[in-house]
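Working notes, beginning with the structure itself.
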Amino acid sequence: MDEIERAVFLFFNHREAVIPGVTPSDFVKVIEAALRKVEYVRHGISLGEANSIFTVVESFQRIAEDGVRLLLLPYCAKGAECDLRHTKECVQCGECTVGDAYRIGEESGMVVESIVSFEDLKATLERHKAQGVRAFVGACCEPFYVKHRQDFEEIGLPGILIDIDNETCYDLGKEREAYLGRFESKTELKVDLLRKMLRLVRRPVAV
């Protein structure tokens, strides 16, 4: 990665290039992030699938080495008419992908929780971090990740996030409702990719 940084800074210095609001370091970060996607291929994850994976605080490799025992799932992937949509529970009724993800998580020895609002997400991450949890796997849309990446970094709990399908609150202009836990449309989790990821990062239960 040092070679990339040197090449980028050399280009900017040689060309005396100036892009308003963008620094050479920004270019370095983007290139390094793209190259890290290649790491997933040797683990059986395609480059297409890798584009749906985001990490916070630590790299995928570091998180996988430490192991993960916590899975966090968004309420917006529960059925719109589900009585438990705005709660942290799930009875795995088979009517949505959250139930599928709960089952996969529990079979992988994970602690699984639904997240019902942004404030609940922050409180949940802080609680688990205080309890000694090393890292988490979660699901969210890419716009949410982009907007709140700094919040994740400030909390400091390493995590792997998997993008979700269907129209999101950002697509529909319902970001405020989602922040408060009141978004009413239904999204879909990438269950197959989640299954692959948990196989790679799950930490065995001590016996």
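The values are calculated or read from the model by the stated rules, or taken from the named source; none is laboratory data. Treat the numbers as computed from the prediction; the structure is a model and nothing was measured. Reconstructed Cβ throughout: ideal geometry from the backbone, glycine too, with neighbour counts over all protein chains shown.
Summary table below
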| quantity | calculated |
| --- | --- |
| Answer residue from the stretch 136-151, given it is at pLDDT 95 or above and among the hydrophobic types (A, V, I, L, M, F, W, C) and is nearest to A77 (Cα to Cα) among those | A139 |
| Flag for E89 being in contact (Cβ under 8 Å) with a residue 24 or more places away in the chain and over 20 Å from R202 (Cα atoms) | yes |
| Test for T168: is it at pLDDT 80 or above, over 13 Å from the mean Cα position of the chain (by Cα) and hydroxyl-bearing (S, T, Y) | no |
| Selection count, the stretch 1-34, where residues are loosely packed, with under 11 Cβ neighbours inside 10 Å and touching a residue at least 24 places away in the same chain (Cβ under 8 Å) | 1 |
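Let's see how each residue does on (1) under 14 Å from the mean Cα position of the chain (by Cα); (2) at pLDDT 85 or above; (3) under 20 Å from T97 (Cα atoms):
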| position | (1), (2), (3) |
| --- | --- |
| E153 | yes, yes, no |
| I164 | yes, yes, yes |
| K174 | no, no, no |
| E177 | no, no, no |
| P204 | no, no, no |
